[in-house]
Amino acid sequence: MGSSTHRITICTSCKNKGTQCQPGYELIAKLRAAIDAAGDSIAEDFAISGVACMAGCDHPCTVAYHGTQKATYLFGDIEPDEDVDDLVEFAKQYAVLGDGWCSSVDRPGKLRKHTLARVPAMLLATEDSKVRVA
Ligand code: FES
């Protein structure tokens, strides 16, 4: 996945509410399989990895989408058994959004109402005060 321009990061420390179960690894495996099954349109373009915590601990599992020069999203309350199709659908949308920006009504299914953060692409100010997206 060295040529991937997008990344999906899944929290591996989130615990299902009221249990010690940490479903992040299961979600990574299911999402990898679903992305691969979706074909070349996104399989080559997305790397999927885990991280210990993304500070959304009250909303397990958390899942982030990042891309070069694109807005970053953090979604919460994602269930490995229920939400993989929505995650794949959003990957397809995100891959073709120039700056990664979309409104909640454009996101698939559960992701409409379970967005914890949407962070614009980083802006760099140059010496001549022109601002460019990095
Ligand atoms: S433990 Fe998953 S976001 Fe903190």
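The values are calculated or read from the model by the stated rules, or taken from the named source; none is laboratory data. These figures come from a predicted structure and were not determined experimentally. Cβ atoms come from the backbone with ideal geometry, glycine included; neighbour counts cover every protein chain shown.
Please enumerate the residues belonging to the stretch 55-71 that are out of contact with any His (no Cβ under 9 Å at 6 or more places or on another chain) and more than 8 Å from the ligand (Cβ to nearest atom).
Hits for the stretch 55-71 are ASP58, VAL63, ALA64, GLN69, ALA71.
Of all residues being of a type in the set (Ser, Thr, Tyr) and assigned to a loop (DSSP other than H, G, I, E, B) in the stretch 1-54, which is nearest to the ligand (Cβ to nearest atom)? Just the residue, please. Steps first, answer last, please.
First, the residues of the stretch 1-54 that are of a type in the set (Ser, Thr, Tyr): 3-5, 9, 12-13, 19, 25, 41, 49.
When the remaining residues are screened for being assigned to a loop (DSSP other than H, G, I, E, B), the result is 3-5, 12-13, 19.
Values: SER3: 28, SER4: 23, THR5: 25, THR12: 8, SER13: 4, THR19: 13 Å.
Per the criteria, the residue is SER13.
Please find, among ALA91, ALA117, the residue that is modelled with pLDDT of 95 or more, under 11 Å from the mean Cα position of the chain (by Cα) and assigned to a helix (DSSP H, G or I).
Details: ALA117 fails: assigned to a helix (DSSP H, G or I).
Unique residue meeting the criteria: ALA91.
Among (1) surrounded by 15 or more Cβ atoms within 10 Å (Cβ to Cβ); (2) at negative phi, which single condition is GLY100 missing? Going through (1) surrounded by 15 or more Cβ atoms within 10 Å (Cβ to Cβ); (2) at negative phi one by one, GLY100 breaks only (2).
Residues of the stretch 45-62 being out of contact with any Ser or Thr (no Cβ under 7 Å at 6 or more places or on another chain) and surrounded by 13 or more Cβ atoms within 10 Å (Cβ to Cβ), which ones?
ILE48, CYS57, HIS59, PRO60, CYS61, THR62
For the stretch 73-88, filtered to residues that are in contact with a helix residue (DSSP H, G or I) (Cβ under 7 Å, 6 or more places away or on another chain) and assigned to a helix (DSSP H, G or I), the residue that is nearest to VAL63 (Cα to Cα) is LEU87. Considering the stretch 13-33 alone, what residues qualify as being of a type in the set (Gly, Ala, Ser) and crowded, with 17+ Cβ neighbours inside 10 Å? GLY24 - this is the single residue of the stretch 13-33 that is of a type in the set (Gly, Ala, Ser) and crowded, with 17+ Cβ neighbours inside 10 Å. Within the stretch 88-100, the set of residues being under 18 Å from ILE28 (Cβ atoms) and touching a Phe, Trp or Tyr at 6+ places or on another chain (Cβ under 8 Å) comprises PHE90, ALA91, TYR94.
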